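Here the structure comes first, spelled out in structure tokens, and everything after it is commentary.
The values are calculated or read from the model by the stated rules, or taken from the named source; none is laboratory data. Predicted model only: the values in this text are computed from it and were never measured. Neighbour counts run over all protein chains shown; Cβ positions are idealised from the backbone, glycine included.
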Amino acid sequence: MPDLAALAGRVVCAGFPGNRIDDAVLAELRDLRPGALVLFGRNVSDRAGTRALVNAVRAAAGGDAPALVCVDQEGGRVARLRFGAELPAMLALGAANDPALAERSGAFIASELRAVGANVAFAPVLDLALEPRNAVIGTRSLGDDPARVGRLGAALVRGLQAGGAAATVKHFPGHGATHVDSHLALPELAQDGVTLRARDLAPFRAAFAGGARAVMSAHAVVRALDPARPATLSRAVLTGLLRDELRFGGACFTDCLRMEAIARDFGTTRGAVLALDAGADCVVVSADLALAREVRDAIAAAVRAGTLALERLEEAAARVAALARAFPPARERAAPFEDEALPREIARRAIVVLRGDPVLDPARPVTVVSFEGHEGDGASDAPGERPSLSLALRRRRLRSELLRVAASPDDAMRDMLVDVLAAQGPRNVVIVMRRAHLRPAQRLAIEAILTVAPGAVAVSALEPFDAPVAARARAVVATFGDDEPSVEALADVLAGREAACGTLPVAASALA
């Protein structure tokens, strides 16, 4: 019998703490010998420091094939590498609706990964933006139209893999029709099998046809396929659907098994064994090397006990090794992709005017009312300070001031805000909404603002589902993200320097 501990390690994707080379961490990795590693924001310093760290941890992981190094690098709020120009959110790319831009975006992401020695992107997201309450997917989606998402997703795959990084399409078989965050609880998807195959699976089919070499499973119960187990642990999903029906032959990663959707009801170690038995090839355990070691030992023990077939473990390890051979790490330090104009071009072509004329009166001062605050969704790192629309307008010669307001303001804050605006006299008012459709206190505040400033321009800064909240505004604009390129593009539209030319990436009926 082969060395089961070594074989089991090759199907583990492990996260680790810190952004400096640490002897204790390296010793743990030499013992674990994982087939893959995953980087998070906590592991990232500058490009040179991150590459040195990647080289050290990959060497410590050892093995016949160099360990894969994986990064959630989607663009927008989910991007672990933030060194220079940053891509807007994928929903903005969906609004731009240009496969050539999507392919360039894939190449851009690949270059960022290759520059630090990584070779697997946990991207693109192919979940459809079907549920307005689904904030965990939200702007990470390319839209709600299966054909558009499939077309753009396949282009992203091409760009990524031509650039030397494996694309990992996620979250199979689709996470878009639920509002439950699998970091916190176990979602259930109620669509019937016909709808699932015609709608949710269509982008994955397109990506597989386009050559995607890896896929990531969803921690969600798909009732039509397996009412008892989430997709990550379901043989009906990962073998019956993915392998037998769709004929996908690449590597299947699980989403992180420390997420509550798995850890709470099944346990991370038991979940890892169940996932491999179901058909997964690489089980992801972020941040906790001791737990990753327990997972490895549990996998080896399951083979010894006969509850996991040796042949299944060997098959999984072979798929991980094949992916590593197909995308070897850059031998020399790779330069980042020199397409610095790309983020601005995507953002410029994404802006959508949903109603009215948003151009501000240059003779009047501007007050930007920005609803801000972060509710952790488990997918994104803690955000830094958001780019300022007010400063962007000043750079365009508009006199502008900023009023930052809590995402869910209390009554006193709302009353004070209304009093300030009422006392200011004639001016441009721009309201930057962030998920007001999910926040009753924000909706009340916006209604109050529009009472005293009916000529305001409202901006739906994340998903466009806030548009109905501002029905009384003079104009409503959607940006599909509040990153720096999107804010700059919005400022150009408000200042009259650029015309909005994006196309709505969700059905107009969803905004009724």
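Starting from residues that are charged (D, E, K, R) and over 21 Å from PRO505 (Cα atoms), keep the ones in region 87-128 and report whichever is farthest from the chain's Cα centre (by Cα).
Going through the qualifying residues, I end up with ARG114.
So if I check each of LEU354, LEU360, LEU308, which one is in a loop (DSSP other than H, G, I, E, B), of a type in the set (A, V, I, L, M) and under 30 Å from ALA508 (Cβ atoms)?
Every option except LEU360 fails the conditions.
On the given criteria, is ALA154 hydrophobic (A, V, I, L, M, F, W, C), over 16 Å from MET259 (Cβ atoms), surrounded by 23 or more Cβ atoms within 10 Å (Cβ to Cβ) and touching a Lys or Arg at 6+ places or on another chain (Cβ under 9 Å)?
No: the conditions fail for ALA154.
Looking at region 279-301, which of its residues are in contact (Cβ under 8 Å) with a residue 40 or more places away in the chain and under 25 Å from the mean Cα position of the chain (by Cα)?
The answer is GLY279, ALA280, ASP281, CYS282, VAL283, VAL284, VAL285, SER286, ALA287, ASP288, LEU289, ALA292.
List pairs: first residue in region 73-97 and in a strand (DSSP E or B), second residue of a type in the set (S, T, N, Q) anywhere in the structure, Cβ distance under 8 angstrom, at least six positions apart or on different chains.
What qualifies is GLY75/SER105; VAL78/SER380; ALA79/GLN73.
Which residue pairs have Cβ atoms under 6 Å apart, sit 6 or more places apart or on different chains, and have a first residue in region 122-133 that is among the aromatic types (Phe, Trp, Tyr) and a second that is at pLDDT 95 or above and in a loop (DSSP other than H, G, I, E, B)?
The qualifying pairs are PHE122/ASP72.
Look through GLY49, GLY18 and report the one residue that is closer than 29 Å to ARG386 by Cβ and either in a helix (DSSP H, G or I) or aromatic (Phe, Trp, Tyr) (or both).
Matching residue, one of GLY49, GLY18: GLY49.
Report the residue count in region 151-202 for those that are more than 21 Å from PHE108 (Cα to Cα) and touching a residue at least 60 places away in the same chain (Cβ under 8 Å).
Qualifying residue count, region 151-202: 12.
So how many residues does region 421-444 have that are under 18 Å from GLU401 (Cβ atoms) and in contact (Cβ under 8 Å) with a residue 24 or more places away in the chain?
Matching residues across region 421-444 total 10.
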